[in-house]
Amino acid sequence: MTTHVIDTATASGMFTDHGAHVLQWRPRGTEPVVWLSDLAVFADAVAIRGGVPICFPWFGAGRSGGMTPAHGFARISEWRLNSMDDDGSAATAVFTLSSTDVTSPLFPYRYRATMTARFGADLHLALDVHNDDDVPFTYEAALHTYLHVGDATAVQVEGLTGDTFHDKVTDKETVQSGPIVIDREIDRVYRSTRDVHVVDPTLDRTLTVRKGGSASTVVWNPWIDKARAMTDFGDDEWRSMVCIETANVGVDAVELAPGRSHTMWARIEVE
Ligand code: TA6
């Protein structure tokens, strides 16, 4: 598992070839923005807790359930680091994973995934999937971004008002009214193409997640009991994070014709 450190005039960061996983990103002059558990496990075929896991070619257990590993094989596979450029103000890493590297009987198609991560004053992430096969395929994807906040119970997540969501805790479909406050376990899949703003009064900043090519936004905080139940998640760490995930999942899964590509991107800004 090769890990790479970023240190430029605008930001510091870290990423690894394992899962093409962004581990850290800290723009100059502010607290870290990407959150990583102190108990994260770094080992073959294990998902890293925190950072930006890439969920592909399915999300969770898949649209019909029963798919393993959870969130697909991409985040636990070794991607190829194709390039790493530092122009002094930003560093850009490009990774690829293809069906010649990793495949699954649950996704028996020829594909090529490219992940681009640009570490600058903003963090720009782009996942491009190409259908190398001669039949169409449908996939789910998520940039499962863990954001660092000062105190999750004081945060307001804005930008999803009026959007419908599936609440995985209550198993109900609901329409969001007003900002999301974190006062319980939050595990929601929104049908939304809009930017999201995480207003953090404790760190006196707002994290904005802009996006494109994405019709789903997942918001997750495990809260107390779920945090305690995860061995790679500190009992109190739920208070310092919230996941804002740029995704195409469920009914928003992407159907790709042979020879076509789809790019889903996110840009994280600090203000
Ligand atoms: O994105 C939210 C979610 O699907 C939650 O349901 C929870 O399972 C989380 O992902 C983490 O999943 P993981 O497999 O990384 O433990």
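The values are calculated or read from the model by the stated rules, or taken from the named source; none is laboratory data. Computed from a prediction, not measured in an experiment: that's the story for all the values here. Ideal geometry is used to build each Cβ from the backbone, glycine not excepted, and the neighbour counts take in all protein chains shown. SASA here: full protein model, heavy atoms, side chains in, ligands and nucleic acids out. Shrake-Rupley method; radii C 1.70, N 1.55, O 1.52, S 1.80 Å.
Entry remark, segment 13-25: residues being part of a strand (DSSP E or B) and either within 13 Å of Trp79 (Cα to Cα) or touching a residue at least 40 places away in the same chain (Cβ under 8 Å) (or both) number 7 in total. If you check Thr16 against the conditions, is it over 12 Å from the mean Cα position of the chain (by Cα) and crowded, with 18+ Cβ neighbours inside 10 Å? So Thr16 passes the test.
Taking segment 124-177 as the range and being of a type in the set (Asp, Glu), touching a Lys or Arg at 6+ places or on another chain (Cβ under 6 Å) and within 13 Å of the ligand (Cβ to nearest atom) as the test, only Asp167 passes. Counting only strands (runs of 3 or more DSSP E) wholly contained in segment 134-230, the ones carrying 1 or more residues that are crowded, with 16+ Cβ neighbours inside 10 Å occupy 137-139, 141-143, 146-148, 156-158, 164-167, 186-191, 196-200, 205-212, 216-221.
Would a scan of segment 243-260 turn up a residue that is closer than 27 Å to Glu31 by Cβ and of a type outside the set (A, V, I, L, M, F, W, C)? Write out each step before concluding.
The first filter runs over segment 243-260 and keeps only residues closer than 27 Å to Glu31 by Cβ, leaving 243-247.
Now narrow it down to the ones that are of a type outside the set (A, V, I, L, M, F, W, C): 245-246.
Yes, some residue in segment 243-260 is closer than 27 Å to Glu31 by Cβ and of a type outside the set (A, V, I, L, M, F, W, C).
Table: residues versus (1) more than 17 Å from Trp265 (Cα to Cα); (2) of a type in the set (Ser, Thr, Tyr); (3) modelled with pLDDT of 95 or more; (4) under 20 Å from the mean Cα position of the chain (by Cα).
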{"site": "Val46", "(1), (2), (3), (4)": "yes, no, yes, yes"}
{"site": "Gly50", "(1), (2), (3), (4)": "yes, no, yes, yes"}
{"site": "Phe59", "(1), (2), (3), (4)": "no, no, yes, yes"}
{"site": "Thr116", "(1), (2), (3), (4)": "no, yes, yes, yes"}
{"site": "His124", "(1), (2), (3), (4)": "no, no, yes, yes"}
{"site": "Asp133", "(1), (2), (3), (4)": "yes, no, yes, no"}
{"site": "Val149", "(1), (2), (3), (4)": "yes, no, yes, yes"}
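Residues that are open to solvent by 30 Å² or more (accessible area, probe 1.4 Å), under 20 Å from Thr263 (Cβ atoms) and in contact (Cβ under 8 Å) with a residue 60 or more places away in the chain number at least 2 in the following strands (runs of 3 or more DSSP E) confined to segment 69-122: 80-86.
Residues in segment 62-78: is at least one more than 16 Å from the ligand (Cβ to nearest atom) and modelled with pLDDT of 95 or more? Lay out the reasoning, then the answer.
First pass over segment 62-78, keeping only residues more than 16 Å from the ligand (Cβ to nearest atom): 78.
Remaining after also requiring modelled with pLDDT of 95 or more: 78.
Checking segment 62-78: at least one residue is more than 16 Å from the ligand (Cβ to nearest atom) and modelled with pLDDT of 95 or more.
For segment 64-100, name all the residues that are over 30 Å from Thr8 (Cα atoms) and of a type in the set (Phe, Trp, Tyr). The answer is Phe73, and nothing else. Within segment 211-224, one or more residues are over 18 Å from the mean Cα position of the chain (by Cα) and either within 11 Å of the ligand (Cβ to nearest atom) or not small (Gly, Ala, Ser) (or both).
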